[in-house]
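The values are calculated or read from the model by the stated rules, or taken from the named source; none is laboratory data. All values reported here derive from a predicted model rather than from experimental measurement. Glycine also receives a Cβ, built like all others from the backbone with ideal geometry; neighbour counts cover every protein chain displayed. To get the accessible areas, we keep the full protein, side chains included, count just its heavy atoms, and leave off ligands, DNA and RNA. Shrake-Rupley method; radii C 1.70, N 1.55, O 1.52, S 1.80 Å.
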Number of protein chains: 2
Amino acid sequence: MALRNADRIREELEQAIMAGEFGDGERLDEMTLSTRFSVSRTPVREALHALAASGLVETIPRRGVFVRYPSFIKLIEMFDVMAELEAMCGRLAARRITDEELDRLEAAAIACQKAEEKGDTDEYYRENERFHHVLYHASGNSFLAQEASKLHKRLKPFRRLQLRVRGRLGQSMQEHREVQDAIQRGDAERAARTLRSHIAIQGENLNDLMANFAKYHSRVPRQKT
Amino acid sequence: MALRNADRIREELEQAIMAGEFGDGERLDEMTLSTRFSVSRTPVREALHALAASGLVETIPRRGVFVRYPSFIKLIEMFDVMAELEAMCGRLAARRITDEELDRLEAAAIACQKAEEKGDTDEYYRENERFHHVLYHASGNSFLAQEASKLHKRLKPFRRLQLRVRGRLGQSMQEHREVQDAIQRGDAERAARTLRSHIAIQGENLNDLMANFAKYHSRVPRQKT
DNA sequence: AATATCATTCTTGTATACAGAAATGTTGAC
DNA sequence: GTCAACATTTCTGTATACAAGAATGATATT
């Protein structure tokens with residue numbers, strides 16, 4: 001359906017930015033991108049505006065659009081909100097989850113465990129994502145699920161930063177099992193509490209993130225605004 | 001700064017849609033809007049895309065953009081999420097609020113009371129908004145404040161629907177005082193709990209909203225997609 | 001040599017032109 | 001009279017053209 005060039009370009013740029021192809025503060029030139037994607041400026045502009053709406057870039061009128069990496073503070077703020085959204089999902093899911101969703105949640109949790117035992121990090125990330133998306137939908141609140149998915153996606157590159165640390169993977173997996181258990185038993189508050197601390201950046205996690213943040217944030221010298 | 005025609009048009013259209021000038025499912029024709037705002041299609045298209053990003057309209061490729069009123073279900077879902085975001089703001093604010101912000105919170109609460117005593121509904125809405133925005137910022141989490149503000153704005157027309165009912169104004173005000181008191185005492189959990197039930201649609205509020213929803217949602221016959 | 005002013009160039013924002021898909025209306029067959 | 005196939009029109013998506021603001025560089029002045 002949405003086979004417009006603008007959408008295709010938006011996705012490609014999104015991935016490129018999240019992959020770190022552009023440095024913080026770097027300007028995205030319309031003409032350059034036009035030639036890169038072999039289209040005119042029009043669809044490029046639409047793609048850039050869409051990226052601005054999702055917060056990946058900032059548009060300064062008559063100046064251009066600039067890549068904006070979130071600051072360390074902003075990142076923690078976003079994780080805090082994410083934690084609260086996930087906690088809400090868990091609280092609702094504990095009451096509303098269907099048998100089928102419960103099965104899928106367990107399947108994802110098991111797949112996570114398998115991946116961790118194999119030491120396959122990429123697969124772990126994939127299955128981890130599946131676990132959380134099942135959770136979002138199990139909340140029975142489609143608006144919540146949508147917002148949670150958006151923020152989840154936005155935080156994707158940084159979750160890696162956090163989980164890369166030795167041992168974190170196993171701990172994360174353990175928490176999944178506890179969440180699953182709480183939801184299965186219908187213990188809404190325990191599900192919420194566990195998820196909140198599963199996501200929130202605090203204690204050791206904070207240190208881990210901080211340690212990796214510097215590396216991440218200094219890929220390209222920040223340009224003047 | 002942002003004196004682009006596109007932004008101006010976006011705001012005007014936003015207000016027009018929220019004011020109910022367009023019915024649910026109505027198509028927004030680029031050419032028609034061009035003449036209405038005396039500009040070309042280009043800035044109109046940008047404005048429409050921005051509206052789509054904020055969820056007010058839906059774009060169907062090669063078909064056009066259509067106004068989308070939230071369904072009753074969606075509305076309740078959004079209020080539920082809003083309640084959780086406000087609760088989070090309250091929980092954080094109880095620990096982080098500054099003396100100055102506390103003063104402003106109290107001032108807004110008093111202004112609400114004054115407006116209610118005068119029976120000035122419009123002023124009540126204005127001050128109510130001020131109260132909540134102070135709260136958002138008092139959370140000390142700028143990302144949270146931003147997200148809360150966005151959703152607050154989106155729900156604006158429906159809050160009126162809910163508060164229009166006799167007596168609700170006074171009750172709402174009472175809850176403000178309780179929130180303010182909890183935050184002042186630093187009681188995070190009470191602030192969170194009070195705010196959640198202040199915002200959430202449940203019990204009587206649900207009935208009130210339901211009663212007014214029908215009137216709202218049937219302004220113009222829904223057009224075929 | 002440093003700075004201020006002005007001209008030039010570059011880039012964004014907007015208007016217009018064009019191509020192709022979807023909607024609409026017409027005609028003809030049953 | 002109803003429905004289907006086709007022609008026509010309309011509107012979206014993209015390309016290009018144009019206007020004006022911002023950045024850059026040159027020149028002149030102190």
Test: residue in region B:25-35 that is outside the structural domain of B:L144 (by TED's automatic domain parsing), under 29 Å from A:G140 (Cα atoms) and not basic (K, R): yes
Hey, A:G140 over 22 Å from A:A191 (Cα atoms), more than 16 Å from DNA strand C (Cβ to nearest atom) and open to solvent by 40 Å² or more (accessible area, probe 1.4 Å) or not: no
Evaluation of B:A111 against (1) away from DNA strand C (no atom under 16 Å from the Cβ); (2) facing chain A (nearest Cβ under 9 Å); (3) not charged (D, E, K, R) (one fails), failing number: (2)
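From the list A:R36, A:R62, A:R45, pick out the single residue that is charged (D, E, K, R), over 16 Å from the mean Cα position of the chain (by Cα) and more than 12 Å from every other protein chain (Cβ to nearest Cβ).
Details: A:R62 fails: more than 12 Å from every other protein chain (Cβ to nearest Cβ); A:R45 fails: more than 12 Å from every other protein chain (Cβ to nearest Cβ).
Matching residue, one of A:R36, A:R62, A:R45: A:R36.
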All positions within region A:143-157 that are within 24 Å of A:A115 (Cα to Cα), in contact with a Phe, Trp or Tyr (Cβ under 9 Å, 6 or more places away or on another chain) and open to solvent by 10 Å² or more (accessible area, probe 1.4 Å): A:S149, A:K156, A:P157
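I'd like to verify a number: residues in region A:33-57 that are within 14 Å of DNA strand D (Cβ to nearest atom) and over 13 Å from A:A6 (Cβ atoms), how many? Working first, answer last.
Filtering region A:33-57 for residues within 14 Å of DNA strand D (Cβ to nearest atom) gives A:33-50.
Those left that are additionally over 13 Å from A:A6 (Cβ atoms): A:35-36, A:38.
Counting residues in region A:33-57 that are within 14 Å of DNA strand D (Cβ to nearest atom) and over 13 Å from A:A6 (Cβ atoms) gives 3.
For region A:26-41, enumerate the residues that are more than 14 Å from DNA strand C (Cβ to nearest atom) and in contact (Cβ under 8 Å) with a residue 24 or more places away in the chain. If you could, list the steps in order and put the result at the bottom.
As a first pass, look at region A:26-41 and keep what is more than 14 Å from DNA strand C (Cβ to nearest atom): A:37-38.
The one that is more than 14 Å from DNA strand C (Cβ to nearest atom) and in contact (Cβ under 8 Å) with a residue 24 or more places away in the chain: A:F37.
Restricting attention to region A:1-14, and to residues there that are open to solvent by 20 Å² or more (accessible area, probe 1.4 Å), assigned to a helix (DSSP H, G or I) and more than 9 Å from DNA strand D (Cβ to nearest atom), which single residue is farthest from the other protein chains (Cβ to nearest Cβ)?
Here is the first cut: in region A:1-14, the ones open to solvent by 20 Å² or more (accessible area, probe 1.4 Å) are A:1-5, A:7-8, A:10-12.
Now drop any that are not assigned to a helix (DSSP H, G or I), which leaves A:5, A:7-8, A:10-12.
Now drop any that are not more than 9 Å from DNA strand D (Cβ to nearest atom), which leaves A:10-12.
Values: A:R10: 11, A:E11: 14, A:E12: 18 Å.
Result: A:E12.
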Qualifying residue in region A:122-136 (condition: assigned by TED's automatic domain parsing to the domain that holds A:E86, touching a residue at least 40 places away in the same chain (Cβ under 8 Å), open to solvent by 60 Å² or more (accessible area, probe 1.4 Å) and not aliphatic (A, V, I, L, M)): no
Odd one out for B:P70, checked against (1) open to solvent by 10 Å² or more (accessible area, probe 1.4 Å); (2) outside any loop (DSSP other than H, G, I, E, B); (3) facing chain A (nearest Cβ under 10 Å): (2)
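Of all residues in region A:58-88, count the ones that are of a type in the set (A, V, I, L, M, F, W, C) and within 9 Å of DNA strand D (Cβ to nearest atom). Walk me through it before giving the result.
The first filter runs over region A:58-88 and keeps only residues of a type in the set (A, V, I, L, M, F, W, C), leaving A:60, A:65-67, A:72-73, A:75-76, A:78-79, A:81-83, A:85, A:87-88.
Narrowing the set further to residues that are within 9 Å of DNA strand D (Cβ to nearest atom) leaves A:60.
Counting residues in region A:58-88 that are of a type in the set (A, V, I, L, M, F, W, C) and within 9 Å of DNA strand D (Cβ to nearest atom) gives 1.
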Tally of residues being within 12 Å of DNA strand D (Cβ to nearest atom) and part of a helix (DSSP H, G or I) across region A:15-32: 2
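When you check A:M88 against the structure, is it in a helix (DSSP H, G or I), at pLDDT 95 or above and farther than 19 Å from A:S139 by Cβ, yes or no?
The answer is no for A:M88.
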Restricting region A:201-212 to residues that are open to solvent by 60 Å² or more (accessible area, probe 1.4 Å) and part of a helix (DSSP H, G or I), the residue that is farthest from A:D80 (Cα to Cα): A:A211
Scope region A:42-66; condition near DNA strand C (Cβ under 8 Å from one of its atoms), assigned to a loop (DSSP other than H, G, I, E, B) and either basic (K, R) or closer than 18 Å to A:G20 by Cα (or both); matching residues: A:R62, A:R63
Residue in region A:192-200 that is more than 18 Å from the chain's Cα centre (by Cα), surrounded by 19 or more Cβ atoms within 10 Å (Cβ to Cβ) and not assigned by TED's automatic domain parsing to the domain that holds A:F22 present: yes
B:G25 being away from chain A (no Cβ under 11 Å) and open to solvent by less than 10 Å² (accessible area, probe 1.4 Å): yes
Search result, residues across region B:81-109 that are touching a helix residue (DSSP H, G or I) at 6+ places or on another chain (Cβ under 9 Å) and open to solvent by 50 Å² or more (accessible area, probe 1.4 Å): B:R95, B:R96, B:T98, B:R104, B:E106
